[in-house]
Structures are given as structure tokens and as C-alpha cells.
């Protein structure tokens, strides 16, 4: 009987101790939440609720709390959920297992199977199927270190971020939750229905779906266009992009390089600035400029700031420079283009000859066999004709040709023939101060192997030329006029002149006339305007 009473007293004492400890922990074993004081202690983790709680005293000063079943904890504004955990506030540590969740702020949620949490540092180490979501994107990784002070998550064993239709993978990553940005590092690969990115480092904003490039990067979009860059950004939401540090863009047969290139895929426009280089292998052209604006949808461009267009040929490429160079589809110039059928439009879009070129102000043209200047130029790829307007001058085969308007026809991209309208004139310098001259209303010129071979002057044709004997000594000056004058050139010099119909004129002895007086009314010698080399056009 004494032993039974003693046992009852001991059991009652133990129950009292357990009940007292439960009251201090403020966690009811029935699973109801504890009360929270108005002034929360953010240095400790509060127990909001659990199905079961066990107290274990490890030494005189340390007591750990073991919670199981629907565990809910709180530190400041951060909530923790799990199936079970061991909490040691005095040791500034707790560890959780099963359906672990951290709810930080309003949108950040982290899930895993296991958590080790440093209470004073607010540093979480999660592993086992870790998932982090900010309401826009979800990050999956085997292990994650998450700092609740800075809202930064770090993974180093590989991770995958999914944002709508975009997937990003890398070996390492730094997730800035407050900024909604992720810094991906090592073997970064982005897959999107519209494009793919391969790089070593990438900054990605989950809210704006913007990529920032900070390392050597290759971008390939769904059209096959590729971009190599080390600097810039691309927004999948807006379709806008800007690349710096001389990116290289390859779009079909076109390659674009510049100090800075900006795209707007929604409108199909782009801008390249700073030492721009555009090579079009389909058209056989190379464009250099300070700035180029392109409209990919309408296949047109505008080049400014000392543009230079190189039209490639086998041995004698043509160089064109002006204040402004513009190119577009010739079918767009047609007044009834809007009435054309869709089939016709599609056929023209595939026609490489459906293009034209315009150059404005201070136009200069250089090739080894021909040079020219004018104020404006129009070139049609359809008929391979250069149209030179406003004081045009052409130099070829030692001859200078001027007129109000000049049409230069090419064949296989080489000069084939030309037409000069109004105030036409051809001048050749024999010696300083001695000039062979032919003037008429109109002139037709013909080229052989790219060099001027013969010219026909038509309408009120006049000529002054110096006669030479077999030893090239000057013997006289022929001053004549006719309806038609044919000029034949040999080895870049005047070889023969034939006057046809209504011929009249005088042959003056060489010493009887002052060469300075032997000038036709429209005579001009413009050698100073002549482009001397292709390098001169670049300067």
C-alpha cells in the first residue's frame, strides 16, 4: 500500500512538471495555436501550432522541442511549415523534415523535403526536391541556400527555372527574390519557343522576362537568326533587345556588326550604330556606316554618317558613298502595289532583283575602270542601271563626261553603256592646258570589258580636238560641228573622230590659236572632284 501511494505521488509530480513545461512553451498538445504577443521577438522562432510536442532536456541549460504533425512556425513575417522538426532556440537552430515550406513575404515560397535553419542568421539550407517560386517562375534544384535577410537563394548542384514557356538551366545560380532576378552561371541554356540561348553567365528577370548578357553568348531564334554578343539585354515580353560591344548578327544571307545594335522584333525594325558593317551575300554587297536603320518586314534600310556601299564584282568592285544611302523593294514603289495579288507579292519577296538603291548628297562612285560624282543617285537591281542626277560627272578611260542627267547601264555588274541627257560633254586632257572636247544635246557611250570604248554625240554636236602626227607632235586644232559625232578610243586615248551630216568647221595651225581660247561654251575640267581611290571614299 505504501509503494502504491508513493507511485501515485511520483506520477502526479511528473504530470505537473510536463504540464508546466507545456505552458511555458505555449504549445497545446491538442494542436491548437498558441497566442502571439503584440511585440514579436524576431530573434526567436515561435511555435504557431503542431499536433504533438515533446520536450527533451539535453543539459541544465538546453531544452530542445520536438514537434510533429502539421507543424507551423514563425519568425518575424516568415512562416515555416513541415511534418516534423527539432527546434532549439537557445542554440539558434532548427531542423525540419517532410513537406517543408518557407513562406517569405507575399510571393516567395520555398518547398523541400529537408531544412536546416540558422535562426540568428536567418539562413536556410534546403535539400531534397527543392522548389522556389515567386508567383511568376519556379526554380527546381537539389540543394538551395536561402538567406531570408537578403532574399537571396544560391544553388551549386544544377538547377532549372521554368517561367511560362521559357526554361533555363545552369550548374550554378543566384536567385534575388526581392528583385525577381536570377544570375545563372556555368553551362547556361535557355529554351523558349521563340529563341534559344547558350552562354556561361546570364541575368534573367522572372517578372519582365528580360535576359541580360554579361559573357560570350549565342542566341538563335526560331527564324534561324543568330546573335553572338557579350553585352546587352533581350525582353521576351516586348521583343526588344539591345546589344553592345560589337555583336555579330547573322540573319539569312545578311551579317550585321556594330558597336551597338538594337532590335524591336514586334515591329521588325533594328538600329546599328558605331562602325557598322553589313554584308549581304545574296545581293553581293557590303555596307559600312556610322548608323544604319533597318525594317526587316519591308526589307529596307537607311544608312547615315558617312555610309559606304560596296557592290562586289569579280575584279572591279564598285564603291558608292554619300551623305545618306537608302535601299528598299522596288515593287513597293509601284502606285498600284496594294492592288497586286498575294501570289505576286510572294513571288517578288523572293526575287533578289526586286530592289533599288538611292543615295543623296555628295554622291561619289569609285571603281578601277570608272569614277563618278553627283548629288543624287538611283540604282535599280531590276535593270542594273545607275541614274545620276544634279551635276553628274563620270570619268572613264581618260575621259570626263558631264551632263544634266546620266544613265549608266551595267551588265554582270560591269559598265556596259551610258546615256547623257542635255548639256552633254566629253573632255580629255592631252597635256596641261590642252583639252579635246566634244559637246552635244545627248551622248551615248559604249564600254568594252568595263572601259569606255566609243561615244556618239547627237544633236548640235561640236568638237575641238588637237591633231597629232605619227610622232605625236601637235600640228593643228580641229574646230568643227555636225549633227552627229562618233568618237573612238584606244588605250584610254582619243583614236578617231568621225563627223556625220551637216559637217562644218576649221582646222587651225597649232601656233595660230591660244589653247586657253580653245574652249567650248560648256567646258569644265573637274579633275579635282574625281575620286582617286577607294580609301579616299572611306576617309
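Some observations on this one:
- Scanning the stretch 69-118 for residues that are outside any strand (DSSP E or B) and either in contact with a helix residue (DSSP H, G or I) (Cβ under 7 Å, 6 or more places away or on another chain) or closer than 24 Å to residue 139 by Cβ (or both) returns 76, 77, 105, 106, 107.
- Candidate set: the stretch 129-158, residues that are part of a strand (DSSP E or B) and without any contact (Cβ under 8 Å) to a residue 24 or more places away in the chain; chosen: the one farthest from residue 90 (Cα to Cα): 140
- Boolean, residue 486 is surrounded by fewer than 19 Cβ atoms within 10 Å (Cβ to Cβ) and not in a strand (DSSP E or B): no
- Residues that are under 30 Å from residue 365 (Cα atoms) and modelled with pLDDT under 85 were ranked within the stretch 490-530; the one that is farthest from the chain's Cα centre (by Cα) is 495.
- Residues in the stretch 165-176 that are surrounded by fewer than 23 Cβ atoms within 10 Å (Cβ to Cβ) and closer than 22 Å to residue 129 by Cβ were compared, and the one that is nearest to the chain's Cα centre (by Cα) is 166.
- Test: residue in the stretch 187-202 that is over 23 Å from the mean Cα position of the chain (by Cα), assigned to a strand (DSSP E or B) and surrounded by fewer than 19 Cβ atoms within 10 Å (Cβ to Cβ): yes
The values are calculated or read from the model by the stated rules, or taken from the named source; none is laboratory data. Model, not experiment: these values are computed from the prediction. Note that each Cβ is placed from the backbone with ideal geometry, even for glycine, and that neighbours are counted across all protein chains shown.
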